[in-house]
1. Just how far, in whole angstrom, is the range 1-44 from the range 73-102 if you go by their alpha carbon centroids?
2. Quick one: net charge of Glu60's neighbours, Cβ under 12 Å, K/R +1, D/E -1?
3. Using Cα pairs closer than 8 Å and at least 6 residues apart in sequence, work out the relative contact order for the chain, in percent.
4. With the other protein chains left in place, how much accessible area per residue, in square angstrom, belongs to the chain at a 1.4 angstrom probe?
5. Using alpha carbons only, what's the Rg to Rh ratio of the chain with Rh from Kirkwood?
6. Considering only Cα-Cα distances, which of the following residue pairs are longer than 24 Å: Lys15/Lys42; Lys17/Lys42; Lys15/Lys74; Lys4/Lys46; Lys19/Lys50; Lys17/Lys91?
7. Can you list the equivalent-ellipsoid semi-axes of the range 33-89, largest first and in whole Å, using the square root of 5 times each Cα gyration tensor eigenvalue?
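The values are calculated or read from the model by the stated rules, or taken from the named source; none is laboratory data. Owing to the predicted nature of the structure, the values given are computational and were not obtained by experimental measurement. A quick note on method: Cβ atoms are made from the backbone with ideal geometry, for glycine too, and the neighbour counts reach across all protein chains shown. Protein only, heavy atoms only, side chains kept; ligands, DNA and RNA dropped before computing areas. Shrake-Rupley method; radii C 1.70, N 1.55, O 1.52, S 1.80 Å.
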Amino acid sequence: MAIKVNDTVAVIAGKEKGKRGRVLMVLPAEGRVIVEKVNFIKRHTKPSQKHRQGGIIEREGPIHASNVQPYCKKCGKPSRVRTLTGAGGEKSRACARCGEVL
């Protein structure tokens with residue numbers, strides 16, 4: 001997956017198209033990511049030890065990884081990721097448009 005935790009991503013498809021946010025969690029087994037302030041879901045919870053009051057709790061839901069792209073701060077646009085290999089063999093991720101290291 002080209003997307004990592006704490007990356008800034010832009011949503012490129014779906015009902016949340018056009019929004020940007022920071023990746024909170026990556027779920028590689030399902031091919032999904034959870035993005036801050038994107039795709040809110042309402043969870044109806046019973047009172048328990050953890051949630052004493054219960055009720056309706058809003059939180060971010062997962063969104064498919066194909067619907068988001070890393071956001072390049074230099075370009076100001078979402079972009080694909082290119083992998084660069086350094087002289088010592090270390091790999092780094094870069095913007096495919098401008099070459100800025102992500």
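1. Cα centroid to Cα centroid, the span is 20 Å.
2. Values: positive: Lys19, Arg22, Arg32, Lys37, Lys42, Arg43, Arg59; negative: Glu16, Glu36, Glu58.
Summing Lys and Arg as +1 and Asp and Glu as -1 gives +4.
3. Once divided by the residue count of the chain, the mean separation gives 21 percent.
4. Details: 7090 Å² over 102 residues.
Per-residue value: 69 Å².
5. Radius of gyration over Kirkwood radius for the chain works out to 1.11.
6. Violating the 24 Å Cα-Cα cut-off are Lys15/Lys74; Lys4/Lys46; Lys19/Lys50; Lys17/Lys91.
7. Taking √(5λ) for each Cα gyration eigenvalue gives 38, 15, 9 Å.
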